[in-house]
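Notes to accompany the following structure.
The values are calculated or read from the model by the stated rules, or taken from the named source; none is laboratory data. Just so it is clear, the model here is predicted, and its values are computed rather than measured. Virtual Cβ from ideal backbone geometry, glycine too; neighbours counted across all protein chains shown.
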């Protein structure tokens, strides 16, 4: 009589070993990986945002690169689109420069009116907080680098300039 091969026995856990520590460890590793991934993504986005904010004149060039990649543009198409984006960006920045000076007196008045309601120690803290907020959210516009042949003209044929105001 031929002997039949014995079926392999499943590996048994050693006595007293529970499954929960292994599952807990796997969960901790998974959650840690998710947290690291989210942190890395946020750091990347923050870095890109700061790069854009530090040189706003670069924005139309980034836009042109993204459009060229996504639409598979020819070199000629990309060049023409870049020129359009640079021209429009200068118009946007010119408008922003004008609007910035419209908001400055309003923000100055807001800062002063709130400071009048505060104690002297609170006023110092308020002025620091308000100055930091202005630097973060409403910095004075920076000059924009634009291609000379794409300088936009205003409807009247001349480019408006923002008034200069002292502090």
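Could you say whether any residue in the stretch 88-96 is touching a residue at least 60 places away in the same chain (Cβ under 8 Å), assigned to a helix (DSSP H, G or I) and more than 21 Å from the chain's Cα centre (by Cα)?
Yes, the stretch 88-96 has at least one match.
Out of curiosity, is residue 109 modelled with pLDDT of 90 or more and within 30 Å of the chain's Cα centre (by Cα)?
Yes, satisfied.
Going residue by residue through the stretch 35-43, is there one that turns out to be closer than 19 Å to residue 136 by Cα and modelled with pLDDT of 90 or more?
Taking every residue of the stretch 35-43 in turn, at least one turns out to be closer than 19 Å to residue 136 by Cα and modelled with pLDDT of 90 or more.
Would you check if residue 83 is more than 30 Å from residue 136 (Cα to Cα), touching a residue at least 12 places away in the same chain (Cβ under 8 Å) and in a helix (DSSP H, G or I)?
When the stated conditions are applied, residue 83 does not pass them.
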